[in-house]
1. Beyond 18 Å, how much of the Cα-Cα pair distribution for the range 1-73 remains, as a whole percent?
2. Need one number: % antiparallel among DSSP beta bridges in the chain, to the nearest 5.
3. At a 10 Å Cβ-Cβ cut-off, how would you order 160, 37, fewest neighbours first?
4. Can you order the peptides 113-120, 49-56, 68-75, 20-27 by their average number of other Cβ atoms within 10 Å per residue, highest first?
5. Could you give the nm distance between label points at residue 67 and residue 10, where each point is 7 Å from its Cα heading toward the beta carbon?
6. Quick check on the range 46-94: take the gyration tensor over C-alpha atoms, sort the square-rooted eigenvalues as a ≥ b ≥ c, and tell me if it's rounded (a/c under 1.5), prolate or oblate.
7. Starting with the highest mean, order 150-156, 139-145 by the number of other Cβ atoms within 10 Å, averaged over the residues of each peptide.
8. Relative to the compact globular guide of 2.2 N^0.38 Å, what is the alpha carbon radius of gyration of the chain, as a ratio?
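Just so it is clear, none of the values below were taken in a lab; they were calculated from the coordinates. Since the structure is predicted, the reported quantities are computational estimates derived from the model, not experimental observations. Every residue, glycine as well, gets a Cβ built from its backbone with ideal geometry; the counts of neighbours run over all protein chains shown.
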């Protein structure tokens, strides 16, 4: 079993144990996070839905991301990742929502937002939404997308894992 498959299994187990459904809001991963979850047989008991919101219009229409946020901060930003996660939680039956927005390349980067920059949002019902930033090596589009899927799954696992005293 690959590393990301093991993470997907672990995340599904934690969702079951907590009685939590999961939803994703994805841009640069194009549905890779939800696909890795639904690749696991029996996942339908805790997977609610995945929003693939590649365009800004999709982010606004499907998740309620504000145009002002996109205009001011851009699609690849902490603010957009937070609004994507919040929108996925609000527009689903999930208790956990993961969002991913980034620049997978090979083009589209800038000095301020280089290829490999990815923002993640984690929304867990009853807990403040958090965002995390990663800058993956520019080793090709597939590499960045794969790393983003693994990171999103890991963040989901961390969100549902009780903190150790």
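1. 46
2. The answer is about 55 percent antiparallel.
3. The most exposed by this proxy come first: 160, 37.
4. Result, highest mean Cβ count within 10 Å first: 20-27, 113-120, 49-56, 68-75.
5. My value for the distance between the label points is 4.3 nm.
6. prolate
7. With the highest mean Cβ count within 10 Å placed first, the list reads 150-156, 139-145.
8. Expressed relative to 2.2 N^0.38 Å, the Cα Rg reads 0.96.
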